[in-house]
1. Let me confirm something: among Arg91, Arg106, which residue is touching an Asp or Glu at 6+ places or on another chain (Cβ under 6 Å) and closer than 24 Å to Met333 by Cα?
2. Residues that are of a type in the set (Phe, Trp, Tyr) and modelled with pLDDT of 90 or more: does region 419-429 have at least one?
3. Given the residues Gln217, Gln246, which is the only one that is of a type in the set (S, T, N, Q) and out of contact with any Gly (no Cβ under 9 Å at 6 or more places or on another chain)?
4. Could you list, in sequence order, all residues of region 143-160 that are at pLDDT 85 or above and assigned to a helix (DSSP H, G or I)?
5. Test of understanding: among Phe322, Phe303, Phe284, Phe336, which residue is in contact with a Lys or Arg (Cβ under 7 Å, 6 or more places away or on another chain), of a type outside the set (S, T, N, Q) and touching a residue at least 60 places away in the same chain (Cβ under 8 Å)?
6. Restricting the search to region 54-91, which residues are surrounded by fewer than 17 Cβ atoms within 10 Å (Cβ to Cβ), in a helix (DSSP H, G or I) and aliphatic (A, V, I, L, M)?
7. Looking only at region 189-203, decide whether some residue is of a type outside the set (Ser, Thr, Tyr), in contact (Cβ under 8 Å) with a residue 60 or more places away in the chain, part of a loop (DSSP other than H, G, I, E, B) and crowded, with 22+ Cβ neighbours inside 10 Å.
8. Filter region 76-97 for residues that are of a type outside the set (Ser, Thr, Tyr) and closer than 17 Å to Leu111 by Cα; which is farthest from the chain's Cα centre (by Cα)?
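The values are calculated or read from the model by the stated rules, or taken from the named source; none is laboratory data. Bear in mind that the values here come from a model prediction, so they are computed numbers and not experimental data. Cβ placement follows ideal geometry from the backbone for every residue including glycine, while neighbour counts extend to all protein chains displayed.
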Amino acid sequence: MKGYLEEVGHLTKLNPQDAWLPITESRNGNAHYAAFHNLNAGVGFQALVLPVAFAYLGWSWGILSLTIAYCWQLYTLWILVQLHEAVPGKRYNRYVELAQAAFGERLGVWLALFPTVYLSAGTATALILIGGETMKLFFQIVCGPTCTSNPLTTVEWYLVFTSLSIVLSQLPNLNSIAGLSLIGAVTAITYSTMVWILSVSQQRPPSISYEPLSLSQPSASVFLAMNALGIIAFSFRGHNLALEIQSTMPSTFKHPARVPMWKGAKVAYFFIAMCLFPIAIGGFWAYGNQMPPGGILTALYAFHSHDISRGILALTFLLVVFNCLSSFQIYSMPAFDSFEAGYTSRTNRPCSIWVRSGFRVFYGFVSFFIGVALPFLSSLAGLLGGLTLPVTFAYPCFMWVLIKQPPKYSFNWYFNWILGWLGVGFSLAFSIGGIWSIVNDGLKLKFFKPS
């Protein structure tokens, strides 16, 4: 009997509500889906500002920091994959659920809820800003300097992007957007490669320098470096979705979900490295200390819009738009799941197609409203990287010690405690650096006034 049960399935305590929610209602995921989702979630607009961090850190510290951050987050991703079914008979399908299991019901919510909500809903809002502005630039390139049509305003482009995102969001669950994640992954790899190749193939700006940008006061230079490290930390995203992606896979004693999940994640993060490192290194080589705050895409348009054919520039911007539309879906899925969890727990029945559609339309336009009200959100990369850093670099280490309970004072015990507290310390330091950078450079708080 035991052998039969091990063969047919994991003795997991099933929650009937899970069959009604978009993250867990479909359990037919596989390693390919995991690769698509992780790559779509792991590469995005944050990667385009990596050369800005290198402008403050220089070659040595920039490459070293990016390499350490990449290895560190890959280790914490492995931890999350292993902890998905750390307790026999229980699957932790969401990041907050695992945090509650490790830190306790109340403390887990306090620690994990804000950063994970920002990394999903906040990223969706930022994608509306980036996607809408990129659509505007795409139109300007295609239309050309002699175009006589009346162009849409920035807010209207945000609305166009939001409407397209809402239409795509009607796909019911996380597994159903695997095709969109594949599109997002392919477009991310393509435009990342195009951006750095186009940058390094053009003549570099005159008077370029690779000396790290600094200020007269040493303390000010330290804060600049902390903000740059926060930008690097912010470029590694997607850990808040790792458990959700893994929860879409079937799992048995003999074939646990962690095996295909880790296979897919390894493939995804190989390609993520192939995107992030060339963008950071190639972008800094091409523009040096003249890299604008908007990142490599802004630099490409500012320095070489007349040197590169309009067709190639337009294709690059169009790929960014497609990637933003795809990323919006996977980052919004936890919010859709929360809406429907609240509804089903109160009514004890699944959402109808109209209720589900209504939630997603509501969410899309709330994100649009926040984007219009706070158009400066995309300029807070350093600060937000510091605030959300524990989700990727600290909490998984603590959760491993608290749930797996390795022998006290063993190497495993020391290693994870030290990594976890280092992550918390870096989070505080990067947040302070981000705040200082905002105060020093000045942030134009133009509420309801997108540029």
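1. None of the other options fit; the residue is Arg91.
2. Checking region 419-429: at least one residue is of a type in the set (Phe, Trp, Tyr) and modelled with pLDDT of 90 or more.
3. Details: Gln246 fails: out of contact with any Gly (no Cβ under 9 Å at 6 or more places or on another chain).
Just a single option satisfies the conditions, and that option is Gln217.
4. Initially, region 143-160 is screened for residues at pLDDT 85 or above, giving 153-160.
Matches in region 143-160: Thr154, Val155, Glu156, Trp157, Tyr158, Leu159, Val160.
5. None of the other options fit; the residue is Phe336.
6. Ile63, Leu64, Ile68, Leu74
7. no
8. Filtering first and then ranking leaves Glu97.
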